[in-house]
1. What's the lysine pair count for the chain at a Cα cut-off below 25 Å, pairs eight or more apart or interchain?
2. Describe numerically, in nm with one decimal, the distance between label points set 7 Å from Cα along Cα→Cβ at Ala62 and at Val48.
3. Between Leu33 and Leu11, what is the spin-label point distance in nm, taking each point 7 Å from the Cα along the Cα→C-beta axis?
4. List the relative contact order of region 2-117 as a percent without decimals, with contacts defined as Cα pairs under 8 Å and 6+ residues apart.
5. Which value in nm describes the separation of the simple spin-label points at Leu55 and Ala117, placed 7 Å from the Cα toward the beta carbon?
6. Rounded to the nearest whole Å³, what is the per residue volume of the convex hull around the Cα atoms of the chain?
7. Using only DSSP helix segments of four residues or longer, with each worth -39500 (n - 2.57), what per-residue ellipticity at 222 nm results for the chain after dividing by its residue count and rounding to 500?
Amino acid sequence: MKIAADVLVALVALLHLWFLVLEMFLWDKPLGLKTFHQTPETAATSKVLAANQGLYNGFLAAGLLWGLWLGAGGTAVKLFFLGFVVVAGVYGAATVGKKILFVQALPAALAMALVLAST
């Protein structure tokens, strides 16, 4: 169970590293425009805000990776950062689009459940 929990925590961390790349580096590129359904003009005016958002996703990933690195002593750290991810995903689903609930919040909630079940 612990291995499955750690794999899912790592997957959530990798997703947030990918969100960092999308928001910080690909926001105004074709993949970013397609992913976020934006025009080049809209992306240009919001690029700095997106980069800031990407940085925060990087902090979430760093916290999750830190929790994994701590091993058995990292349970509280993993739960702490997974909690942030769930809240961010629920807020994003409420304010941006329902898809965020499934892409961000659900994997983190499942990871939280597995981490709790493995302790």
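Derivation of every value follows stated rules applied to the coordinates shown; laboratory data play no part. It should be emphasised that the depicted structure is a prediction, and the values quoted were computed from it without experimental measurement. Note that we place each Cβ from the backbone using ideal geometry, even for glycine, and neighbour counts take in every protein chain shown.
1. Counting lysine pairs in the chain gives 11.
2. It works out to 2.2 nm between the two label points.
3. 3.3 nm
4. Reported relative contact order: 32 percent.
5. Placing both labels 7 Å beyond Cα along the Cβ direction yields 3.8 nm.
6. Spread over its residues, the Cα hull of the chain gives 86 Å³ apiece.
7. -26500 deg cm²/dmol
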